[in-house]
Structure formats: C-alpha cells, structure tokens
Amino acid sequence: MYFPWYGHLEQVMAADTYVFYDDVQFSKGSFTNRVQLLVDGVQQWLTLPVRLPRAAMAIQEIELNSDKDWKLAHLRKFHAAYRKAPYLSDAMELMESVFYAEATRLSSIAIDSVKCLATYFGLADTTTFEVSSELGIGGCGSARVLEICQHLDANEYITGHGAKNYLDQPSFERAGIEVSFLDYGLMPYPQLSQPFNPYVSSLDLVAMMGKEGRKAITGSVVKWNQFIAK
C-alpha cells in the first residue's frame, strides 16, 4: 500500500516478520497506488500514476508513469492540505525521502513508503521485512500463504479482515500455525477537522502528532474463530 492508513501499521507492529505481497495481481482502484488525505475535512486521493500495458499484471511488474511530475504534485497537495499541522515538516521529509529514492516501479515506492513510516514510529525496531517475490515460493491463494508461513518457520499468521473471504483456516491449524486477525484500534487523535476520520494516510498522523503518534497505533490480535464469531 502507498503511505497506508495507521491500521496497516498495526499489522506491522503485531508481526515479528512482515511480508510484502508484491507478486500478486494488481487491482485497479485498490490502495496499492493511492491513498486518501483530509483536505478541509473532505477525503481526497493521492494517486500514483502507473503504466498498464496489459491486463493481469503483478504489482512488481508495474512501472510508474513519470510523464508528469507527480512527485511535485503530491508534495504540493499535501503541503496545502496540512499547512497548519504542527509536524508538517516531518511528514514532508518522509514523502521526499521516498520520492527521491528514484524508484521506478510501484512495488518499490509502496514498500519504501511503509518502511519509512515503520521506521519513523519505531516499529521497524521489532519487525523484520520480507518480499514475497524474493522467497521463491509458487502457488496461489491460501495454500501459498501457508507455504510462506512454513518457509519462515511461523507459528502464527496475523492478517487483515479481507482474508476471511479466502483463507482456509483449518489447513493452517493442521500445519500447527494459528490464524489471527487484527482488531483495529481506531484510536482517535487530533485532526484539522471533525469528525475524526481514521481511514486516511498515516501521513496525517505524522503531520498532526509527530513521533508521539506512535501512541495511537494500537489494535489487538484476535484468534480467527473468535473474529468470525464477532
């Protein structure tokens, strides 16, 4: 995801090893290349322009479209929206550090954006990162996720809510791996407008609270059967 919401950072915080799933099909209109900001209380998109020469491309294959200076456009839009935020400079520095690493592929800039947020909030101190395309594991769907967990010697797999629609939890249990879901904290923090909106980029949290924003990254882990029942 591109500078994702702080619920995504709760997944990073909960994990010993976090795997970026970059060799699966890109879904147009997803959060892989876009994220929302609050602009005068209204949600607006920051979207990475991409080249899609054919259908069914993997995320790692997709190149950014640099025909226009989207980096400057994103920086200007963010600055205009958060010019009154107390830690605007911190957020801008994070954006610039990702932009000017000169990544040419969507997967690279998305991964860099998550890593820089994790480092800023101190989450990278306790979590290591892997990239699925570098693990040499084939297959698809739930079976592949299980194989990745086994490859990494996991005893628990923690995932977001979308996995409830495809994950074969019993197969994980037979392999001795527990399945847990994130129960997102959604802790409110000061924003430039009301009511509170948690579903925006974590850059909002950076701009409003600086490194103290780490306190808003909470959430808990719930075993899969309890989550489904809930």
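The values are calculated or read from the model by the stated rules, or taken from the named source; none is laboratory data. Since the model is a prediction, treat every value here as computed from it, not as a measurement. Note that each Cβ is placed from the backbone with ideal geometry, even for glycine, and that neighbours are counted across all protein chains shown. In case anyone asks, the SASA skips ligands and DNA or RNA and just uses the protein heavy atoms, side chains included. Shrake-Rupley method; radii C 1.70, N 1.55, O 1.52, S 1.80 Å.
Each of residue 168 and residue 225 was given a label point 7 Å from its Cα along the Cα-to-Cβ line. The distance between the two points is 2.0 nm. Across the stretch 213-220, computed HN-Hα scalar couplings (Karplus, 6.51 cos²θ - 1.76 cosθ + 1.60, θ = phi - 60°) run x, 3, 5, 8, 8, 10, x, 9 Hz from first to last residue, x flagging Gly and Pro.
Taking each DSSP H run with n ≥ 4 as -39500 (n - 2.57) and averaging over every residue of the chain yields -10000 deg cm²/dmol at 222 nm.
Comparing mean-square fluctuations of 165, 155, 197 from a GNM of the chain with C-alpha springs under 10 Å, the top value falls on 165. For the stretch 158-175 versus the stretch 178-230, the inter-centroid distance based on Cα atoms is 22 Å. The share of Cα pairs per 10 Å bin across the stretch 105-230, counted from zero up to the longest distance, runs 10, 32, 36, 19, 3 percent.
Placing +1 on the Cβ of every Lys and Arg and -1 on the Cβ of every Asp and Glu, with no other charges, gives the chain a dipole of roughly 820 debye about its Cα centre.
Each 5 Å bin from zero up to the one holding the largest Cα-Cα distance in the stretch 13-61 carries the following percent of pairs: 5, 16, 20, 18, 16, 14, 9, 2. Could you tell me which residue out of 32, 13, 221 lies farthest along the dipole of the chain toward its positive end? Charges go on the beta carbon: Lys and Arg +1, Asp and Glu -1, centred on the Cα centre. Comparing the listed Cα positions along the dipole, 32 ranks first. Among 205, 182, 152, the largest mean-square fluctuation in a Gaussian network model of the chain, built with springs joining Cα atoms closer than 10 Å, belongs to 152. When the charge dipole of the chain is built from unit charges on Cβ atoms (+1 for Lys and Arg, -1 for Asp and Glu) and taken about the Cα centre, the candidate among 46, 158, 177 whose Cα reaches farthest toward its positive end is 46. Annotation: Cα Rg of the stretch 1-87 relative to the compact-globule expectation 2.2 N^0.38 Å equals 1.25. Taken over the stretch 60-118, the alpha-carbon convex hull comes to 74 cubic angstrom per residue. The three principal axes of the Cα atoms in the stretch 144-209 give end-to-end lengths of 48, 22, 16 Å, sorted in falling order. Share of antiparallel DSSP beta bridges in the chain, in percent to the nearest 5? If we restrict to bridges inside the chain, about 65 percent are antiparallel.
Annotation: per residue accessible area for the chain equals 50 Å², rounded to a whole number [probe 1.4 Å, protein chains only]. Once Lys and Arg get +1 and Asp and Glu get -1 on their Cβ, which of 97, 75, 108 lies farthest toward the positive end of the dipole of the stretch 56-108? The listed residue farthest towards the positive side: 75.
Result for the chain in a Gaussian network model with C-alpha springs under 10 Å: among 51, 105, 34, the largest mean-square fluctuation is at 51.
Based on the convex hull around the alpha carbon atoms, the chain presents an average projected area of 12.8 nm².
Between residue 192 and residue 135, the distance separating the two model label sites (each 7 Å from Cα on the Cα→Cβ line) works out to 3.9 nm. Ligands, DNA and RNA left out, the 1.4 Å accessible surface of the stretch 1-59 is 50% carbon and sulfur atoms. Take every DSSP beta bridge whose two residues both sit in the stretch 110-230, then give the antiparallel share in percent to the nearest 5. Of the beta bridges lying entirely in the stretch 110-230, close to 50 percent run antiparallel. Expressed as a whole percent, the accessible area of the stretch 178-230 that falls on carbon and sulfur atoms is 58 (1.4 Å probe).
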